[in-house]
1. Just to confirm, what accessible area per residue do you get for the chain at 1.4 Å probe, in whole Å²?
2. Where a Cα-Cα gap under 16 Å defines reach, which aspartates and glutamates qualify for LYS54, not counting those fewer than 8 residues away within the same chain?
3. Which log10 I(q)/I(0) values, to two decimals, does the chain give at q = 0.13, 0.18, 0.19 Å⁻¹ under the Debye formula with one point per Cα?
4. Could you sort TYR21, TYR56 by their accessible area in this structure, using a 1.4 Å probe and putting the largest first?
5. Please list, in order, the residues from region 33-71 whose amide nitrogen is less than 20 Å from a point placed 7 Å along the Cα→Cβ vector of GLU16.
6. Could you tell me the calculated FRET efficiency between LYS9 and ASN29, based on Cβ-Cβ distance and R0 = 22 angstrom, to the nearest 0.05?
7. Tell me which of PHE33, TYR20, PHE43 sits at the most positive position along the dipole axis of region 1-45, charges placed on C-beta atoms (Lys, Arg +1; Asp, Glu -1).
8. Less than 19 Å apart at the alpha-carbon level, and either on another chain or at least 8 residues along: which aspartates and glutamates does that give for LYS75?
Amino acid sequence: MEAKIAGTKSIPLEMEVGDYYYCTCGESNNQPFCDGSHKGTEFTPQKFTITEKKKYAFCSCKRSEKEPFCDGSHKKLTND
């Protein structure tokens, strides 16, 4: 099962150092973070750790090879 495309642009966010959970299903109303919407599906959130306070670009299309971070994969999506 492929994740729902939550958006077609990266989500730039200034992040504090700490642990976070990335939404892998695409259903969260708190993108790019998990809000528990995956419950009852095969998806699980992806834990990641920020070690440096700075701005990061997060994936919203759920197709990045570098999740939770954007790698530009959203640029390949079409409106099919």
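The values are calculated or read from the model by the stated rules, or taken from the named source; none is laboratory data. Computed from a predicted model, the values in this text were never measured in an experiment. Cβ placement follows ideal geometry from the backbone for every residue including glycine, while neighbour counts extend to all protein chains displayed. Side chains included, ligands, DNA and RNA excluded: accessible areas come from the protein's heavy atoms. Shrake-Rupley method; radii C 1.70, N 1.55, O 1.52, S 1.80 Å.
1. Heavy-atom accessible area per residue stands at 66 Å².
2. Answer for LYS54, where 16 Å is the Cα cut-off: GLU14, GLU16, ASP19, listed by chain and number.
3. Result of the Debye calculation: -0.37, -0.70, -0.77.
4. Heavy-atom accessible area, descending, gives TYR21, TYR56.
5. From region 33-71, the list is 33-35, 47-58.
6. In this case the efficiency is close to 0.80.
7. PHE43
8. Here the aspartates and glutamates satisfying the reach criterion relative to LYS75 are GLU2, GLU65, GLU67.
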